[in-house]
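Computed from the coordinates by the stated procedures, all read-outs in this text should not be read as laboratory data. What you are looking at is a predicted structure, and each value in this text was computed from that prediction instead of being measured. Heads up, the Cβs are rebuilt from the backbone with ideal geometry, glycines too, and the neighbour counts pull from every protein chain shown.
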Amino acid sequence: MPTYFILPSPEQPRCAPLTLTRKIGDFPLALVSLRSHQDLLLQNLGLEPATQIETAELVIQAAAWLEKADIELFLKDPTAKLLQDAQGHEILRHQGTRTTTLVATQSFYILYPWHILQAHERALKIKTVYTQATTSTQVYVDGRLQYGAGTVFLPGVVIEGDVVIGENCKIGPNCYIRGATTIGNRCHVGNAVEIKNSLLLDDTNVGHLSYLGDSILGQKVNLGAGTITSNLRHDGLTHRSAVTGELVNTGRRKFGAILGDGVRTGIHTSIYPGRKIWPHLTTRPGDIVQQDLTPHS
């Protein structure tokens, strides 16, 4: 049986602020860590994990999102030495004497924060999500909903698409949640909140009268009432986001905000598309976030 070894998570300054407080392999996608997604796919394809790199035939990058079709093609090619994504980043390599480099059509390396959003969208597509009856007859579900023990829904909740919600959450009243969205454990999504295609980590609150689109909120984030993220340019072009002093094209037509762990926004905070807020920073009531907020800004 072929063996594989997943490398330790690298330092990723270009993926800040999300990787400042956790390793990329530990990042939860649809309530399951990236590392667990990798293990599940590889083992379902008949590979066995190795305890050390020296005994492994395949070496996997910790920051790689793997897709079944790419891995199957690599395994079937007896000359395949290296699998790269479309940008030339290494996904995995064979440690034997091989020579061919293959280019993945679906797998990719997670280099920037928006790649985590992309991996989350993929994770929800392949996850076994099922529709559950809710505790309220006034919840409308048009799609696939999965939620954990202790989670309650108040009247007026509308859910569309693939949505996964963790344990002991409070959802509603009168909120609108659209897939692909994951809400972690012990979260609160309150009155008149709309969430679209976003990822919320554990213990995060979006209390009331807010909009969150194509965004990621870290752990223990609290959005003040009326916090709004913008996710669409007026000219319809793809968004650019600042990374280590350089504007990088995200390739995304819709892209919201990236908030690190412990961020708290004042009421009526407005956040421009593609802006990031570093862990534990705050905004004041009525602030407009036009640039990334870092400890040095």
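Taking 51 Å as R0, compute the FRET efficiency from the Cβ-Cβ separation of K81 and H280 and round it to 0.05. After rounding to 0.05, the efficiency reads 0.70.
Global dimensions of the range 149-216 from alpha-carbon coordinates: Rg and Dmax equal 10.1, 27 Å. Extent along the principal axes, Cα only, for the range 217-263: 31, 25, 13 Å, with the longest axis given first.
Between helix 113-126 and the chain there is an angle of about 80 degrees, using the helix long axis and the longest principal axis of the Cα atoms.
So what is the orientation-averaged projected area of the range 140-289, using the convex hull of its C-alpha atoms, in nm²?
Numbers: hull surface 33.4 nm².
That works out to 8.3 nm², a quarter of the Cα hull's surface.
Given the rule -39500 (n - 2.57) for each run of at least 4 DSSP H residues, summed and divided by the residues of the chain, what is its mean residue ellipticity at 222 nm, to the nearest 500 deg cm²/dmol? If you can, show how the numbers build up before the last one.
Values: 3 runs with 34 residues, N = 297.
That calculation yields -3500 deg cm²/dmol at 222 nm.
Comparing P13, P173, P78 in a Gaussian network model of the chain, where Cα atoms under 10 Å apart are tied by springs, the biggest mean-square fluctuation is seen for P78.
Expressed as a fraction of 2.2 N^0.38 Å, the C-alpha radius of gyration for the chain is 1.04.
Applying 1/(1 + (r/R0)^6) with r as the Cβ-Cβ distance of A242 and T97 and R0 = 45 angstrom yields a FRET efficiency of 0.55.
How would you rank D162, D39, D26, going from fewest to most other Cβ atoms within 10 Å of each one's own Cβ? All intermediate terms of the calculation are to be shown ahead of the outcome.
On the way: D162 22, D39 17, D26 14.
Result, fewest neighbours first: D26, D39, D162.
Cross-link partners of K170 among aspartates and glutamates, defined as those whose alpha carbon lies under 19 angstrom from its own and excluding same-chain residues fewer than eight positions apart: E160, D162, E194, D202, D203.
Here is the link list: K68/K276; K127/K220; K220/K254; K23/K196; K23/K276; K23/K254. Which ones come out longer than 22 Å on Cα distance?
Values: K68/K276 32 Å; K127/K220 25 Å; K220/K254 25 Å; K23/K196 25 Å; K23/K276 18 Å; K23/K254 26 Å.
Pairs exceeding 22 Å: K68/K276; K127/K220; K220/K254; K23/K196; K23/K254.
So, by mean Cβ neighbours within 10 angstrom, what's the order for 287-295, 184-192 with the highest one leading? Present the calculation step by step, with values, prior to reporting the outcome.
Working: 287-295: 14.4, 184-192: 20.6.
The densest-packed peptide leads the list: 184-192, 287-295.
Ordering I53, Q106, V139 by the projection of their Cα atoms onto the charge dipole of the range 1-143, which places +1 on the Cβ of Lys and Arg and -1 on the Cβ of Asp and Glu, puts V139 at the extreme positive end. Relative intensity of the range 3-111 on a log10 scale, I(q)/I(0) at q = 0.11, 0.17, 0.22 Å⁻¹, equals -0.32, -0.78, -1.28, per a Debye sum over C-alpha point scatterers of equal strength in the absence of solvent.
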